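I have placed the structure first, in the form of structure tokens, so that the comments after it can refer back to it.
Every read-out reported here was derived from the displayed coordinates using simple, explicitly stated rules and does not represent laboratory data. Model, not experiment: these values are computed from the prediction. In this analysis, Cβ positions are derived from the backbone assuming ideal geometry, glycine residues included, and neighbour counts consider all displayed protein chains.
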Amino acid sequence: MKHDLFSPDPTPTAEIERIEAAYAPLTDAVRKLIDATIRSTITDEATLADAAAQITAITEKLASEQLPGAAGVHFNDEGRVWNWGNTVVGQRNAVAPPLRSEHRADGVHAQVSLGAAYEGPPGLVHGGVTALLLDQVMGQAAADRRRVLMTGTLKLRYRRGTPLGDLRLRAWIESESGRKVRVRAGIYDADGLTVEAEGLFIEPRMPDAGA
């Protein structure tokens with residue numbers, strides 16, 4: 001069975017940007033809803049039932065027109081790529097923190113602010129979430145905006161607990177050999193490094209046309 005990594009889409013870039021701008025307030029509102037649900041101290045059953053009913057009605061409205069299956073990765077002939085469902089950087093995924101990153105000469109630099117939805121130990125980020133974030137920035141660094149790569153291995157060393165709140169990440173290519181790229185990265189709070197990682201990213205073999 002052939003699986004396309006990316007799907008061509010004829011939608012012009014200007015329209016994609018309009019849609020993203022229109023969905024941004026909705027996605028942010030859902031993100032705030034998740035945080036409010038976790039931290040709410042309301043215990044009145046009627047109030048909670050009313051809130052659930054309102055949310056259900058909104059969900060049904062949004063679900064009246066939707067894609068089947070995965071959101072996927074799309075691109076148009078103008079070179080614009082969008083991945084709205086990505087769990088770390090998806091523009092329309094309220095579960096995404098979201099992570100904001102940029103490519104620089106020394107690798108990928110990113111910033112993120114994590115709240116209650118990402119908590120593991122009290123006041124600290126869940127270790128699996130730090131792995132998720134590092135995998136994302138390391139993949140971006142390895143791909144270097146010019147190729148598609150998949151995570152081969154990911155090794156993390158937790159120096160200390162990563163506190164909730166504002167964090168910085170950095171990832172950079174350590175070496176390259178054929179289809180393999182080795183990357184290093186770290187997560188930092190105001191006091192310095194909390195988690196460091198190294199990983200191997202591999203460029204997949206593309207199937208022959210018509211296969």
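Computed over neighbours whose Cβ is under 14 Å from that of T13, the net charge equals -4, Lys and Arg +1, Asp and Glu -1.
Taking the Cα centre of segment 97-202 as origin and assigning +1 to Lys and Arg Cβ atoms and -1 to Asp and Glu Cβ atoms, the resulting dipole is close to 380 debye. A straight chain from A46 to M150 at 0.36 nm per residue would run longer than the Cα-Cα distance by 32.7 nm. Note on K155: aspartates and glutamates with a C-alpha under 15 Å away, same-chain residues under 8 apart excluded, are D135, E174, E196, E198.
From the Cα trace of segment 117-211, what convex hull volume per residue do you get, rounded to a whole Å³?
Values: hull volume 11.1 nm³, N = 95.
Convex hull volume per residue, Cα atoms: 117 Å³.
Counting other C-beta atoms within 10 Å, which of T13, T153 has the fewest, and how do the rest follow?
On the way: T13 13, T153 10.
Least crowded to most crowded, the residues run T153, T13.
When the helices of the chain are scored as -39500 (n - 2.57) per DSSP H run of n ≥ 4 and the total is divided over every residue, the value at 222 nm lands at -10000 deg cm²/dmol. Sorted from greatest to least, the principal axis extents spanned by the alpha carbons of segment 60-191 come out as 46, 43, 24 Å. Packing, taken as the mean count of other beta carbons within 10 Å per residue, orders the peptides 39-45, 140-146, 99-105 from highest to lowest as 140-146, 99-105, 39-45.
Listed from fewest to most Cβ neighbours within 10 Å, the set F201, F75 follows the order F75, F201.
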